Structure formats: structure tokens, C-alpha cells
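The values are calculated or read from the model by the stated rules, or taken from the named source; none is laboratory data. Computed from a predicted model, the values in this text were never measured in an experiment. Note that each Cβ is placed from the backbone with ideal geometry, even for glycine, and that neighbours are counted across all protein chains shown. Areas reflect the complete protein model, heavy atoms only, side chains present, ligands, DNA and RNA absent. Shrake-Rupley method; radii C 1.70, N 1.55, O 1.52, S 1.80 Å.
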Amino acid sequence: MRLKPVKPVSTTQSPVRLNEMPDILTRADLAQILQVKPRAIYSLTRARAKNVNPLPVLRLPIGLRWRRQDVESWLERCAA
């Protein structure tokens, strides 16, 4: 069995604009927007973490999802 070569992940990807994303974001979408590793999204979401301002999350049967509007307002609160 031959394995296909894996393309290296580019760390110089252009930033994604939030208004170009769908209304409901997955963990991968949000990680791409915030330019962090996908597992970092969970620590930003946890209220029990040291974050005073946790990232708002939708807990759905299919997994965690984030509203684009909530993310935009969260980013504004964090920047203030």
C-alpha cells in the first residue's frame, strides 16, 4: 500500500475576513479566523478558565459551533 505525500501546512496564509465566513462557524473556521490552533478554541470558550471574557458558544448535538455575530462582538470587547 502506497501512502500519498502530505502537503505541508503553510503558516503564511492570508488572513480570512470574518464577513466572508458563514453565519455559523466550526472550530476549524474559527481557528482559521483567529489564526490559532484548533485546540486553542476550546480554552477560549471555557468559562472556568482564566478568561474573564469567554468566547460565546452554541452547544449542539453535532458539536460546538460559534455564531459569527457573537465572535465579532467578542473580538470588539476584547480589543477595548
Practice item. May I ask you to give the solvent-accessible area per residue for segment 25-80, in square angstrom, as obtained with a 1.4 angstrom probe? Key: 69
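What FRET efficiency would be calculated for the residue pair residue 69, residue 28, taking the C-beta separation as r and a Förster radius of 22 Å, to the nearest 0.05?
Numbers: r = 19 Å, r/R0 = 0.86.
Calculated value: 0.70.
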